[in-house]
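Comments concern the structure below.
Bear in mind these aren't lab numbers, they're just calculated from the coordinates by the rules spelled out. Since the structure is predicted, the reported quantities are computational estimates derived from the model, not experimental observations. A quick note on method: Cβ atoms are made from the backbone with ideal geometry, for glycine too, and the neighbour counts reach across all protein chains shown.
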Amino acid sequence: MHLRTVRPLLAVLAVSLLAACTGTPDGTAPSAATPTASSSASQGTSDSPAPDTETTVPAPSPSAPPAPPGGPGAGNAELAIMVRPSPTETAVNYTLVCRDGLPTAESKHPNPEAACAALKNNAALLSPAPKSKDVACTEQYGGPQTATVTGIVDDTPVDAAFARTNGCEIGAWNAAQDVLGASGGAA
């Protein structure tokens, strides 16, 4: 055989071997009848990528449960309240259980009627919106008292912390004073 005849045969063999190496995901070689990525436009386009396509768009982050809306609520609550008058004093613990805005016998709180009424009138009382970066708080000191409230209000989890170290925190403390205790822990 002549070299002129062998070269075209080698080229055909190389092309066929290359085609056999570039198969489809199921292991079969593409054929003229099998659509390829370039012919996907004729099948109709889709805005979403195939399920196994890797993207650079991050997945959405999980969101926190929504806070209860401001305003009247159902008045149902089960709360553990801890008020610490100062860092050196022993914390005072309360339990508040409300049904339809009224305290139950389980409540161990200095004024459970006022606390349950406050939660019924404002379901979001213990779930304040996060402070915006562009809000200035007065630099006044209201005292060393701190408080934490955990539990559930109207089927919404509550994990709130209160202090009196600046004007914004004093405002939140005063708003929740009925829930925090008779004097709100303030001296």
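Structure summary
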item: Two-site FRET efficiency, Thr104 against Met82, from Cβ-Cβ distance with R₀ of 25 Å, rounded to 0.05; result: 0.80
item: Neighbour net charge for Ala115 - beta-carbon separation under 15 angstrom, K R +1, D E -1; result: -3
item: Pairs of alpha carbons in the range 77-171 whose separation is greater than 19 Å (percent); result: 47 percent
